[in-house]
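Worksheet: the structure to be examined is printed underneath.
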Amino acid sequence: MTISSPARIPFNRLLLTGAAGGLGKVLRERLRTCAKVIRLSDIADITPAIDDREEVVLCDLADKNAVHQLVEGVDAIVHFGGVSTERSFEKILGANICGVFHIYEAARRHGVKRVIFASSNHVIGFHKQDETLDAHSPRRPDSYYGLSKSYGEDMATFYFDRYGIETVSIRIGSSFPEPQNRRMMSTWLSFGDLTQLLERALYTPGVGHTVVYGVSDNRNVWWDNRFATALGYAPQDSSEAFRKQVDALPLPATDDPVRVYQGGAFCVAGPFGD
Ligand code: NAI
Ligand code: 15L
């Protein structure tokens with residue numbers, strides 16, 4: 001794949017969904033230079049706009065009309081909103097499955113040409129930890145949550161093939177201030193590297209629908225991330241900086257799913273509602 005290097009011209013108005021969430025709060029600050037105005041949205045309360053370069057819009061992603069209004073006037077979407085862990089299918093359905101459809105359909109109607117989709121490692125979570133995958137490896141969702149992200153990736157492919165809307169789907173590993181367990185030594189993505197990858201995803205032309213992994217330069221990574229490299233992504237951080245504190249944690253049994261599967265505990269979450 002040949003992708004030209006990005007010109008960094010700020011968008012006029014960028015929409016960030018999930019702005020009240022863990023990553024949304026981080027990106028609210030870090031994406032400020034990417035657009036003249038950032039429209040911040042969530043179903044949960046968001047800290048009020050700090051200046052006239054921010055707009056705050058409360059919106060339920062499950063509400064089609066509300067999402068259509070939300071997207072009006074934006075020229076790119078960073079879609080981080082939705083249920084972010086394993087829940088019952090019914091809870092995932094509105095926010096993640098209907099939600100991603102509403103985002104793309106609104107993008108089509110309002111002429112938005114670029115979406116960044118917060119996908120997840122749980123799209124491939126039932127692969128074992130001794131496998132090395134790339135973005136074209138067969139998907140093995142480990143949860144209803146992983147299934148919803150897999151559906152989101154398919155939605156992105158369809159809207160590119162049918163309507164030319166470009167997407168970078170980032171299969172984020174574990175993006176937290178620090179890796180919280182042994183598994184995250186492989187899956188950790190620092191906030192700095194997330195920001196860099198997002199900027200590459202926003203500005204690189206000609207991406208079609210590109211799937212990449214959101215992971216830092218960790219020692220024992222399970223993913224060949226050459227499609228992210230092709231976007232110009234060069235991670236600066238590594239989970240090795242936290243090796244000592246993580247090695248001090250109790251070691252799970254060898255057959256514990258957190259040591260067997262790439263998706264860890266998501267592989268054994270549920271069932272719900274029996
Ligand atoms: P989070 O749970 O802190 O944030 C998600 C936000 O979406 C919340 O503020 C929540 O209120 C909002 N939301 C939920 N349902 C909604 C609805 N129906 N309408 C509108 N907003 C709704 O999650 P986090 O960690 O900030 O993750 C952000 C995104 O990145 C999520 O899509 C998550 O699936 C994805 N991701 C995150 C990873 C991580 O390590 N933090 C790993 C892989 C993917
Ligand atoms: C995810 O997709 C979740 O949103 C996040 O909370 C973590 O659980 C992460 O995956 C992970 O796999 O560590």
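Numbers for the structure displayed
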{"read-out": "Candidate set from segment 119-142 (those that are in contact (Cβ under 8 Å) with a residue 40 or more places away in the chain and under 16 Å from the mean Cα position of the chain (by Cα)); member that is nearest to ligand 2 (Cβ to nearest atom)", "value": "Ser120"}
{"read-out": "Residue that is free of Cβ contacts under 8 Å to residues at least 60 places away in the same chain, among the polar types (S, T, N, Q), loosely packed, with under 14 Cβ neighbours inside 10 Å and in a loop (DSSP other than H, G, I, E, B), where the choices are Thr33, Thr47", "value": "Thr47"}
{"read-out": "Subset of segment 175-206 [of a type in the set (Ser, Thr, Tyr) and either part of a helix (DSSP H, G or I) or more than 26 Å from Ala35 (Cα to Cα) (or both)]", "value": "Ser186, Thr187, Thr195, Tyr203"}
{"read-out": "Segment 248-268, subset free of Cβ contacts under 8 Å to residues at least 40 places away in the same chain and in a helix (DSSP H, G or I), residue surrounded by the fewest Cβ atoms within 10 Å (Cβ to Cβ)", "value": "Val268"}
{"read-out": "Gly82 part of a helix (DSSP H, G or I), surrounded by 21 or more Cβ atoms within 10 Å (Cβ to Cβ) and either within 16 Å of ligand 1 (Cβ to nearest atom) or under 18 Å from the mean Cα position of the chain (by Cα) (or both)", "value": "no"}
{"read-out": "The listed residue being over 20 Å from the mean Cα position of the chain (by Cα), away from ligand 2 (no atom under 16 Å from the Cβ) and over 25 Å from Val212 (Cβ atoms), out of Arg8, Arg53", "value": "Arg53"}
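Values quoted throughout were computed directly from the atomic coordinates according to the rules given, and no laboratory measurement underlies them. Source: prediction; values computed, not measured. Positions of Cβ are backbone-derived with ideal geometry, glycine not excepted, and every protein chain shown enters the neighbour counts.
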